[in-house]
């Protein structure tokens, strides 16, 4: 047995899990860079919408960044003039003043939000669940500065902080699942293979995409399913997590179906 194997096998499961989480969290943040990508923009803005308007939707007056604006002279004429806040200064006027002067004209939503005709507003193309998942990380920053979302470096750093936490947590769940059924070394191997040998490191841990949150929900669903569905609390939690995973990303229904097959076969085996 290697030195690492001897060290980890001698420690309680929770200690190894904690060390695993902290180590991976540090690794995910260690590249000292942030990744700003369109798909994640509605998710990091959603908590701000909820705090400021009480809604899970977006309005051009509150979130101009999520919409396209047609610019007119003295701007260069463009169909998609980008800015993050109505308070952004362009020359002698802020963006809101330029709009009032007719120099910035509404030109529809960006691809990552879609109209909600019944409510006459716009919602995220990727659903509300990723945005709700990042809410606990956004809340402290919003409490200090309601306009922080217009600060791009800070905004993507907050998203990365939350995403790194969630992906490290997925690795911990995988470790706990395998550790109950195999050796400690195998459990660490599976967890580290996921954490460092897949796109979890390069992509999922770097911003708050659908896949980031979806992995957490699927892993949690698997954990509670395998923890013992005969216990009512485990069954309820497994159902909630897997249901949320399917709502977050409908392709997760494949995993939900696999869990149902597993439970059916397990029940048959126990009866026999």
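Criterion first (touching a residue at least 12 places away in the same chain (Cβ under 8 Å), farther than 14 Å from residue 49 by Cα and crowded, with 16+ Cβ neighbours inside 10 Å) does residue 175 satisfy it? Yes; evaluated as a whole, the condition is true for this residue.
Residues that are in contact (Cβ under 8 Å) with a residue 24 or more places away in the chain and either crowded, with 17+ Cβ neighbours inside 10 Å or not in a loop (DSSP other than H, G, I, E, B) (or both) occur in the range 113-120; there is at least one.
Residue check: residue 139 meets all listed conditions (1) over 22 Å from residue 224 (Cα atoms); (2) modelled with pLDDT under 95 but one, namely (2).
Condition check ((1) exposed (fewer than 14 other Cβ atoms within 10 Å of the Cβ); (2) touching a residue at least 24 places away in the same chain (Cβ under 8 Å); (3) under 22 Å from residue 149 (Cα atoms)) across all residues:
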| residue | (1), (2), (3) |
| --- | --- |
| 67 | no, yes, yes |
| 75 | no, yes, no |
| 90 | no, no, yes |
| 99 | no, yes, yes |
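Of all residues in the range 57-91, those being in contact with a strand residue (DSSP E or B) (Cβ under 9 Å, 6 or more places away or on another chain), within 26 Å of residue 129 (Cα to Cα) and not in a loop (DSSP other than H, G, I, E, B) number 5.
Could you grab me the full set of residues in the range 10-29 that are surrounded by 13 or more Cβ atoms within 10 Å (Cβ to Cβ) and part of a loop (DSSP other than H, G, I, E, B)? Give the derivation first.
Step one: filter the range 10-29 for residues surrounded by 13 or more Cβ atoms within 10 Å (Cβ to Cβ), giving 11, 13, 16-21, 23-25, 27-29.
Residue satisfying the conditions is 11 alone.
Screening residue 104 against (1) in contact with a helix residue (DSSP H, G or I) (Cβ under 7 Å, 6 or more places away or on another chain); (2) over 18 Å from residue 147 (Cα atoms); (3) surrounded by fewer than 18 Cβ atoms within 10 Å (Cβ to Cβ) leaves a single unmet condition, (3). Scanning the range 140-158 for residues that are more than 26 Å from residue 114 (Cβ to Cβ) and assigned to a helix (DSSP H, G or I) turns up 140, 141, 143, 144, 153, 154, 157. Taken together, the residues in the range 234-262 that are exposed (fewer than 12 other Cβ atoms within 10 Å of the Cβ) and either within 9 Å of residue 217 (Cβ to Cβ) or touching a residue at least 60 places away in the same chain (Cβ under 8 Å) (or both) amount to 0. Say whether the condition of being in a loop (DSSP other than H, G, I, E, B) and over 30 Å from residue 244 (Cβ atoms) is met by at least one residue in the range 122-131. No, because not a single residue in the range 122-131 is in a loop (DSSP other than H, G, I, E, B) and over 30 Å from residue 244 (Cβ atoms). Being surrounded by fewer than 24 Cβ atoms within 10 Å (Cβ to Cβ), in a helix (DSSP H, G or I) and without any contact (Cβ under 8 Å) to a residue 60 or more places away in the chain is the requirement here; does residue 161 meet it? Criteria not met by residue 161.
The values are calculated or read from the model by the stated rules, or taken from the named source; none is laboratory data. Predicted model, so just to flag it, every value in this text is computed and none were measured. A quick note on method: Cβ atoms are made from the backbone with ideal geometry, for glycine too, and the neighbour counts reach across all protein chains shown.
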